[in-house]
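Right, one structure below, let's go through it.
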Amino acid sequence: TLTVEADEQLLRQALFNLLLNALQAVESGGRVEVRWVATVPEEVALEICDDGPGVPEAERASIFQPYVTMRPKGAGLGLAIVQQIVSAHRWEITCLANTPQGAVFRISHLKTATPRHEA
């Protein structure tokens, strides 16, 4: 079991927003994957990957700003909220290409925590 240092409700909100984006991006029968990647000792990165249309490289930095959306009826707040949560935890978020198709949203610098055992 992997345990990270985070505000549970805020981490849930960030994951919800990222998963919702991924599910809205993929076609019927598409694939969404969540994975942990060990980066350095006591740190991991969380990746939400999909095989949707992806995010054009020129738009990857701006999609975390409020009211920026790639969906016709999108409000453009989901990724901005994720950005705020990530910043509050001193993590980083990036959007990358998921070769051969799709997007990867990577939250990095999550600190691992030693699980506390009840006595």
Task: Selection from S87, C49, Q65, by position along the positive dipole direction of the range 19-110 (Cβ) - done: Q65
Task: Label point distance in nm, L20-E33, each placed 7 Å from Cα along Cα→Cβ - done: 2.5 nm
Open item on the list: Suppose a student asked you for the relative contact order of the chain, using Cα pairs under 8 Å spaced at least 6 residues apart; what percent would you report?
Closed with: 32 percent
- [ ] Can you list which of the GluC sites (Glu not before Pro) found in the range 1-98 are DSSP loop residues with at most 14 other C-beta atoms within 10 Å?
- [x] E5, E27, E42
Open item on the list: Between [x] 1.21; [y] 1.09; [z] 0.99, which entry matches Cα Rg over 2.2 N^0.38 Å as derived from the coordinates of this structure?
Closed with: [y]
Task: Label-to-label distance, nm, for residues given as H109 and Q9 (7 Å Cα→Cβ offset) - done: 2.5 nm
TODO: Determine the per residue accessible area of the chain with all protein chains present and a 1.4 angstrom probe, expressed in square angstrom.
DONE: 66 Å²
TODO: Pull up all non-local amide H partners of V4: gap of 5 or more, or a different chain, and H-to-H distance under 5 Å with H placed in the peptide plane.
DONE: A113
- [ ] Taking amide H positions as placed in the peptide plane 1.01 Å from N, state which residues far from E43 in sequence (5 or more) or on other chains have amide H under 5 Å from it.
- [x] T112
- [ ] Pop out the ³J(HN,Hα) list for the range 62-67 in order, Karplus 6.51 cos²θ - 1.76 cosθ + 1.60 with θ = phi - 60°, rounded to Hz; leave Gly and Pro as x.
- [x] 6, 5, 8, 8, x, 6
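The values are calculated or read from the model by the stated rules, or taken from the named source; none is laboratory data. All of these numbers come straight from a predicted model, not from anything done at the bench. Cβ sites come from the backbone with ideal geometry, for glycine too, and all protein chains shown count toward neighbours. These accessible areas exclude ligands, DNA and RNA; they are computed on the full protein's heavy atoms, side chains included. Shrake-Rupley method; radii C 1.70, N 1.55, O 1.52, S 1.80 Å.
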